[in-house]
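Below is one structure, written out as structure tokens; comments come after it.
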Amino acid sequence: MYSFDVERPTSVADAATALGKEDAQALGGGQTLIPTLKQRLASPSVLVSLSGIDEIKGVSSDGGKITIGGGTNHATVAAEAGAYAALADLANNIGDPAVRNRGTIGGSLANNDPSACYPAAALASGATITTNNRDIAADDYFQGMFTTALEEGEIVTSVSFPVPEAASYQKFEQPASRFSLVGVFVAKYADSVRVAVTGASEEGVFRWSEAEAALSGNFSADALEGLSVSGDGMISDLHGSGDYRAHLVKVMTKRAVAAAS
Amino acid sequence: MTEVTMVVNGKSVTKSVKGNTLMTEFLREELRLTGTHVGCDTSQCGACVVHVNGEAVKSCTMFAAEANGAEVNTIESMENPDGSLGVIQQAFQDHHGLQCGFCTPGMVMSAAALLKDNPKPSEAEIRDYLEGNICRCTGYHNIVKSIMAASGQDVSNIAAE
Ligand SMILES: Cc1cc2nc3c(=O)[nH]c(=O)nc-3n(C[C@H](O)[C@H](O)[C@H](O)COP(=O)(O)OP(=O)(O)OC[C@H]3O[C@@H](n4cnc5c(N)ncnc54)[C@H](O)[C@@H]3O)c2cc1C
Ligand code: FES
Ligand code: FES
């Protein structure tokens with residue numbers, strides 16, 4: 001690792017000030033950033049650890065919405081987001097227990113890894129990502145692999161999910177990393193169905209609009225029968241070809257619909 | 001350099017650390033607590049698992065500066081006060097839960113974290129919990145068996161010796 005200082009502010013305001021310095025970078029749970037630093041793929045001068053900021057930790061729910069602080073770790077979401085069972089279940093299947101004790105929802109959404117789990121939940125739920133400056137709709141937030149609407153130094157302070165009538169996240173695990181080879185999050189609301197796919201596209205997480213249309217009329221796995229997904233633009237690597245991933249998108253969507261509760 | 005103070009295995013320590021000092025380096029090189037092992041240094045293997053404020057974490061993927069004010073427990077804290085092996089350690093010895101022993105500190109610390117929340121885990125729950133702990137030697141069966149035995153459960157029906 002290159003050398004850098006670590007600061008641990010205790011408020012969002014102080015963190016924002018610290019992030020204003022040249023080459024400062026936020027440190028969430030470090031489960032992605034520390035490996036990146038070890039590979040010398042990042043060279044911040046200051047890491048601003050968010051782990052001492054209590055105001056961005058915790059889970060609360062009211063009026064059909066569940067709100068999770070940006071600094072909340074995956075284990076806490078798994079334990080406390082029972083009001084949105086599919087979301088708690090997703091958190092409980094990220095990595096392993098030690099990763100879940102450190103990694104945070106804010107870090108996952110800021111990173112927007114094309115195979116990460118939370119982006120699928122946020123997009124399928126039409127979540128609102130709140131930062132120290134503004135609210136961003138999930139539909140505007142994800143802008144391609146590792147790219148988001150966040151500005152330099154902007155901090156994800158909370159994420160708010162409207163709780164659906166029924167939902168499920170189905171993850172086909174890449175057997176070595178246990179990230180999703182393809183993961184599909186289906187959420188059924190009173191007036192719409194949303195389907196978000198992670199792990200598959202070179203553009204990162206995306207909504208499968210044909211499936212949403214088919215499921216809006218008939219929320220059953222059969223409704224997807226006639227649809228197909230093209231392998232063009234799908235990630236192709238040693239774990240699976242683009243065509244294989246495209247096939248999995250439909251399989252995992254069907255499983256998610258069947259499992260949605 | 002930043003000054004950090006934390007309680008490690010019941011003793012308060014204060015040291016000056018660089019920003020990029022990992023918890024593994026801090027424990028092994030500053031405090032000479034070499035029971036915590038570094039297998040991969042890439043957050044995959046779990047040989048470095050320690051408890052920070054009671055929670056299992058991979059100490060190769062945390063900075064010492066982040067543990068300021070924390071309570072840290074390592075494998076060295078698992079022995080009994082008289083220096084004999086603690087319950088989980090003894091069960092690993094009794095049930096051949098280790099061969100080369102490299103993964104064992106992490107296995108024992110993960111097991112301890114599991115048993116704290118779930119005092120009588122099923123075999124499936126143990127296997128699931130150990131997802132982030134890799135062992136190159138044992139094939140896992142005897143590790144699972146050791147943890148079941150440490151939780152006071154009958155292991156006579158568990159496969160493989
Ligand atoms: C072994 C292993 C297995 C894993 N498996 C999975 C998996 O199955 N599914 C999955 O989705 N993920 C998985 N992960 C990734 C894990 O979920 C990470 O915790 C997560 O992607 C990053 O969160 P973090 O808090 O650790 O962020 P960090 O690593 O600290 O930071 C990541 C990026 O986000 C920025 N950042 C952090 N917090 C904020 C914030 N609040 N606001 C703005 N920017 C911020 C940082 O500057 C950095 O650029 C795995 C990781 C490991 C090590
Ligand atoms: S050394 Fe930390 S996970 Fe392998
Ligand atoms: S006993 Fe050798 S790696 Fe587990």
Whole-number percent relative contact order across the stretch A:116-261, with pairs defined as alpha carbons under 8 Å at least 6 apart: 24
So what's the gap between the Cα centers of the stretch B:34-82 and the stretch A:110-132, to the nearest angstrom? 30
Chymotrypsin sites (Phe, Trp or Tyr not before Pro) restricted to DSSP loop in the stretch A:1-109 with at most 11 other C-beta within 10 Å: A:Y2
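Over 41 Å, how big is the tail of the calculated P(r) for the protein assembly as shown, in percent of all Cα pairs?
Numbers: 16105 of 88831 pairs.
Here the long-distance tail beyond 41 Å is 18 percent of all Cα pairs in the protein assembly as shown.
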Given labels modelled 7 Å from the Cα in the Cβ direction, how far is it in nm from A:S230 to A:K65? 3.8
In deg cm²/dmol and to the nearest 500, what is the mean residue ellipticity at 222 nm of chain A if only DSSP H runs of at least 4 residues count, each as -39500 (n - 2.57), divided by the residue total? -8000 deg cm²/dmol
Within 10 Å of each candidate Cβ there may be at most 16 other Cβ atoms; applying that plus a DSSP loop requirement, which GluC sites (Glu not before Pro) in the stretch A:93-202 survive? A:E151, A:E152, A:E165, A:E202
Ignoring ligands and nucleic acids, what accessible area does B:H95 show with a 1.4 Å probe (Å², nearest 10)? 40
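Quick one, can you get me the convex hull of the C-alpha atoms of the stretch A:54-162 expressed as volume per residue in Å³? Could you put the intermediate results ahead of the total?
Numbers: hull volume 10.2 nm³, N = 109.
About 94 Å³ per residue, rounded to a whole number.
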Beyond 22 Å (Cα-Cα) in this structure, taken from A:K171/A:K254; A:K65/A:K250; A:K188/A:K250; A:K38/B:K11, we find A:K65/A:K250; A:K38/B:K11
Summing -39500 (n - 2.57) over every DSSP H run of at least 4 residues in chain B and dividing by its residue count gives a helix-only mean residue ellipticity at 222 nm, to the nearest 500 deg cm²/dmol, of -7000 deg cm²/dmol
With every protein chain left in place, what is the accessible area of B:S16 in Å² (1.4 Å probe, nearest 10)? 60
With only Lys, Arg, Asp and Glu charged, each at its Cβ (+1 for the first two, -1 for the last two), find how big the charge dipole of chain B is about the Cα centre; round to the nearest 20 debye. 220
Tally Lys and Arg at +1 and Asp and Glu at -1 over the other residues with C-beta under 11 Å from the C-beta of A:I53: what net charge comes out? -1
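The values are calculated or read from the model by the stated rules, or taken from the named source; none is laboratory data. These figures come from a predicted structure and were not determined experimentally. Glycine also receives a Cβ, built like all others from the backbone with ideal geometry; neighbour counts cover every protein chain displayed. The accessibility values were calculated without ligands, DNA or RNA, using every heavy atom of the protein model including side chains. Shrake-Rupley method; radii C 1.70, N 1.55, O 1.52, S 1.80 Å.
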